[in-house]
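The values are calculated or read from the model by the stated rules, or taken from the named source; none is laboratory data. For clarity, every value in this text was computed on a predicted model and none was experimentally measured. Glycine gets a Cβ as well: all are built from the backbone with ideal geometry, and neighbour counts include every protein chain shown.
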Amino acid sequence: MNIFLKKNKKLGIVLGIYFIICIAILYFLNNLPDTVVNYIIHKSIAKNQAWKKHVFKEDALYVITTGTGEPMPDINRSEAQTIVVAGNQVLVFDVGPGSTHKLEISPINIGTTSALFMTHYHSDHIGGLGEFMLKRWANGSSQKPLPIFGPEGLEEVVNGFEAAYQLDKGYRIAVHGEKMLPLKGFGAESHSFDLGTDLKSKKTIYTKNGVEVIAFNVNHLPVYPAVGYRVHYKGRSVVITGDTKYTESLIEHSQNADLLISEALNRKFASMLADAAKNTNTNISKIANDIEKYHISPQEVAQLANKANIQQVVITHILPPVPTKLLERPFLKEARQFFKGNIYMAHDGTLITLHLNSRKITIKELLN
Ligand SMILES: [Zn+2]
Ligand SMILES: [Zn+2]
């Protein structure tokens, strides 16, 4: 009996001490001294700056996927965006909803964006344009509007977003002043181009400081026009397909590129989703069936890469969303049979470095 009481007393003391410690920690967290808050804020900014310098430490062709999703909601993926960094050029391809946030937490300074390139005008590629233009202006104190390149229809899209952000432009200037936010730097300067209807059609649309960007037609019908891009820098090259079906012309446009950034729709996964969503009160089932018509499958991407002699394939614009990482390998399983090189499924924040003067390519996750 005595032993039992002694043990209970000991336990009571331990629980009491534990309770007092918990209260003390809670009190400390609620009343964090300003010196500690100040230290944490300074440290996070310094860490971020050091990280940015470290990521782009060598002259190379860098690609970052900052939006690897599509219109269907995916908690882990923003909608379409790929960034190419080469020398002093920061080139952004597409601007899907949510992608601007991912860009801002990546090692890119949005204010330094050199140009934006649009592949087509589906909402998952343009929905973040207003936010992007505003942030680039606000963070970069831009003296000139953002140069945007895209196929016909560009002016209509850009003018619409500029009109929608007129009120906010005024609010921002009222708070921060015109010195920080020059009026003449707001918005965008559209450079649209016409490649006609021939799928073989291509054109150099941007050359600056050793970087060349070539636009080429893709088949995303009934969406027309729709283009992909090929970027060259100091002997290395990357092809960004945009949204497309498999076509023979894609093989030509991608020929001998080091890196292929391709969209992909897994048809088996899409029909499973269509089936699973049949009895929900949504249009998901019909949408999952309809979209098979104008996208390329992972197997077709692999076949294309094989025929085009691609070194590295990176899959983005993941259709349909994969609800868990467990499904990433099955998504690409059949594709691997058709391509001897490496196929990688991108995430928001995947950095691909194409080193110069060699065939070396390295892949690293920055945000996962
Ligand atoms: Zn899309
Ligand atoms: Zn599309």
Cross-chain or 6+ apart pairs with Cβ under 6 Å, region 46-72 first and within 20 Å of Asn209 (Cβ to Cβ), then away from ligand 1 (no atom under 16 Å from the Cβ) and among the charged types (D, E, K, R) = Leu61/Arg236
ask   = Taking Ala274 and the conditions (1) at positive phi; (2) buried (at least 16 other Cβ atoms within 10 Å of the Cβ), which numbered condition does it fall short on, given that it satisfies the others?
value = (1)
query = Where residues in region 271-317 are in a helix (DSSP H, G or I) and touching a strand residue (DSSP E or B) at 6+ places or on another chain (Cβ under 7 Å), which of them is nearest to Val223 (Cα to Cα)?
reply = Tyr294
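Return yes or no: is Asn38 exposed (fewer than 10 other Cβ atoms within 10 Å of the Cβ), over 22 Å from the mean Cα position of the chain (by Cα), over 30 Å from Pro97 (Cα atoms) and not hydroxyl-bearing (Ser, Thr, Tyr)? I'd like the intermediate steps shown before the answer.
On the way: exposed (fewer than 10 other Cβ atoms within 10 Å of the Cβ): no; over 22 Å from the mean Cα position of the chain (by Cα): yes; over 30 Å from Pro97 (Cα atoms): yes; not hydroxyl-bearing (Ser, Thr, Tyr): yes.
Spelling it out, it is not the case that Asn38 is exposed (fewer than 10 other Cβ atoms within 10 Å of the Cβ), over 22 Å from the mean Cα position of the chain (by Cα), over 30 Å from Pro97 (Cα atoms) and not hydroxyl-bearing (Ser, Thr, Tyr).
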query = Met133: of a type outside the set (Val, Ile, Thr), more than 16 Å from ligand 2 (Cβ to nearest atom) and either at positive phi or in contact with a Phe, Trp or Tyr (Cβ under 9 Å, 6 or more places away or on another chain) (or both), yes or no?
reply = yes
Subset of region 267-287 (residues that are under 17 Å from Lys245 (Cβ atoms) and within 16 Å of ligand 2 (Cβ to nearest atom)) = Ala270
note = Counted residues in region 99-118 being away from ligand 2 (no atom under 16 Å from the Cβ) and part of a loop (DSSP other than H, G, I, E, B) come to 6
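Being buried (at least 22 other Cβ atoms within 10 Å of the Cβ) and either of a type in the set (A, V, I, L, M) or part of a loop (DSSP other than H, G, I, E, B) (or both) is the filter; apply it to region 212-225 and report the residue that is nearest to ligand 1 (Cβ to nearest atom).
If we filter region 212-225 for residues that are buried (at least 22 other Cβ atoms within 10 Å of the Cβ), which is where we start, we get 213, 215-218, 220, 225.
Right, trim to either of a type in the set (A, V, I, L, M) or part of a loop (DSSP other than H, G, I, E, B) (or both) and you get 213, 215, 218, 225.
Details: Val213: 20, Ala215: 17, Val218: 12, Pro225: 14 Å.
The selected residue is Val218.
In region 55-69, which residue that is part of a loop (DSSP other than H, G, I, E, B) and away from ligand 2 (no atom under 16 Å from the Cβ) is nearest to Gly98 (Cα to Cα)?
First pass over region 55-69, keeping only residues part of a loop (DSSP other than H, G, I, E, B): 56-59, 68-69.
Adding the requirement that they be away from ligand 2 (no atom under 16 Å from the Cβ) leaves 56-59.
On the way: Phe56: 24, Lys57: 27, Glu58: 29, Asp59: 29 Å.
That would be Phe56.
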message = As an exercise: evaluate Tyr121 against (1) closer than 26 Å to Thr350 by Cβ; (2) more than 16 Å from ligand 2 (Cβ to nearest atom) and give the number of the one condition it does not meet.
response = (2)
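Here's the yes/no breakdown for (1) in a strand (DSSP E or B); (2) touching a Cys at 6+ places or on another chain (Cβ under 6 Å); (3) at pLDDT below 95:
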{"position": "Ile40", "(1), (2), (3)": "no, no, yes"}
{"position": "Gln49", "(1), (2), (3)": "no, no, yes"}
{"position": "Lys53", "(1), (2), (3)": "no, no, yes"}
{"position": "Pro71", "(1), (2), (3)": "no, no, yes"}
{"position": "Glu79", "(1), (2), (3)": "no, no, no"}
{"position": "Val85", "(1), (2), (3)": "yes, no, no"}
query = In region 287-306, how many are modelled with pLDDT under 90 and of a type outside the set (A, V, I, L, M)?
reply = 4
